[in-house]
């Protein structure tokens, strides 16, 4: 009986290894669905006959006075025939190329409104995928909006991203997608060609047909599924922990949509041995709300999780400020002042630290036997260069102004550490982490604070620079973080209770309540394991918080 609790603790420590084993076993979906052969053979119904039927249905949709049941049947018939046409085009596209696929329909005029100044459809897309053909594997529900048109996902390869405008910030070298709804419109006049319109669904909710306004059909879930399959971030989770240097091509901020000036950025930061793809279910549920779609845009910060969160926090600050300068050079867009930052697990620690008013004081409890940081813990270094290159490296990491968000959300965040980080199995896994050479050199510089010296204790470098070591309740970073003053801003914690235990003794299976709870801001406890971002209640809480943020007073200043 004595051994059972010990065995349970060791098995629970395998939470770090289970995702890795699944990924190594090859549990992944194909990047894109195979093209479907046409359901109606062209010999039975040619493209021209199909277009003639679509023209007749379009003319019916223009009729103002009509029974709503009849109008619904017209929409359903139009959508079904247009889906058949788009499947034919895609099938021929894969067989012979898009130019050939479209050449059979000589009367088409193509209007691609999802691409900024794109010369031609064929020069942009690698594939055009009907949403109905996308099988969901990463996402639990499919949210669709009923309406007119065929939802599709336009796949833009990395080499063509520049062609779709400078407002696109995809995962590096992974390409991106366009979320669109396709219509075949028929302008009045015998000589007018029908127009195949690719309409951005994140920018448009309705379309005009004659004197009537119709809601556009939509399927955001399929676009999210294709996007994360393209990035392959799910497969990088273990690599991000053990070989951080190898994730340079997927590190940084990204967004599935083109940057929209009229929307508020929401920056999502994932946790240990995870990736930005972990937010796919949450974002899918949030995009199902038209008010959220209208006012918010979701940005993802992806990073190698083997690196200590104190150092990753610096890279996030730098990335976000660089992006802000690129997209809003004059800092005149008021939507940035309603910025929302969300952190899950270790991402919450990164978010927490970036809200601290005196972040350098985290070093006051570093307990380093060889280096005394006390002389450097001075506010003057916030604005002034440090006296030596080594001290300057210290200043860049720990002396900064906080990111001025208007809403901060923590999800399953170990503010006081995660006891599981001290488990022997976890310690063994941490020993396999191979740190990037550049950052090891920087850490050496910080730890010596002298030029021309060599630190001969490799364990000290690992302790300073490895993420799991900095999750221990006894680590200098967790001890130092506790008690640091933070910005007075709207804050909310979403905490998991795994087995419905009494709150003060509860846990999400990884982080206990006493570590996730903070004495400021609001709090919601959901019935969930550590993956609280996947809980349906979490999405409902986020919808409420985001809608409140639209009306809340702005507490940020220009960066």
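The values are calculated or read from the model by the stated rules, or taken from the named source; none is laboratory data. These numbers were taken from a predicted model, which means no experiment stands behind them. When we count neighbours, we look across all protein chains shown, and the Cβ atoms used for this are built from the backbone with ideal geometry, even at glycine.
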Checking residue 181 against (1) modelled with pLDDT of 85 or more; (2) in contact with a helix residue (DSSP H, G or I) (Cβ under 8 Å, 6 or more places away or on another chain), the condition it does not meet
(2)
Report yes if some residue within segment 390-409 is surrounded by fewer than 17 Cβ atoms within 10 Å (Cβ to Cβ) and at pLDDT below 85; otherwise report no.
yes
Of 175, 149, 240, 210, which residue is outside the structural domain of residue 262 (by TED's automatic domain parsing), surrounded by 24 or more Cβ atoms within 10 Å (Cβ to Cβ) and either under 19 Å from the mean Cα position of the chain (by Cα) or at pLDDT 90 or above (or both)?
149
Exception for residue 304 within (1) over 23 Å from residue 489 (Cα atoms); (2) buried (at least 20 other Cβ atoms within 10 Å of the Cβ); (3) more than 18 Å from the chain's Cα centre (by Cα) falls at (3)
If you check 338, 321, 379, 317, which single one turns out to be at pLDDT 85 or above, under 20 Å from the mean Cα position of the chain (by Cα) and surrounded by fewer than 17 Cβ atoms within 10 Å (Cβ to Cβ)?
321
Among the residues of segment 132-142, is any touching a strand residue (DSSP E or B) at 6+ places or on another chain (Cβ under 9 Å) and buried (at least 22 other Cβ atoms within 10 Å of the Cβ)?
yes
Across segment 328-349, what is the number of residues that are outside any helix (DSSP H, G or I), more than 19 Å from residue 401 (Cβ to Cβ) and in contact with a helix residue (DSSP H, G or I) (Cβ under 6 Å, 6 or more places away or on another chain)?
1
Residues of segment 261-272 being surrounded by 24 or more Cβ atoms within 10 Å (Cβ to Cβ) and not in a strand (DSSP E or B), which ones?
270, 271, 272
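Do the conditions hold for residue 352, that is, is it modelled with pLDDT of 95 or more and outside any loop (DSSP other than H, G, I, E, B)? Working first, answer last.
Numbers: modelled with pLDDT of 95 or more: yes; outside any loop (DSSP other than H, G, I, E, B): yes.
Judged against the criteria, residue 352 is a match.
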Does segment 159-176 contain any residue that is touching a helix residue (DSSP H, G or I) at 6+ places or on another chain (Cβ under 9 Å) and assigned to a strand (DSSP E or B)?
yes
Take the conditions at pLDDT below 90, surrounded by 13 or more Cβ atoms within 10 Å (Cβ to Cβ), farther than 20 Å from residue 200 by Cβ and over 33 Å from the mean Cα position of the chain (by Cα) and apply them to residue 104. Does it pass?
yes
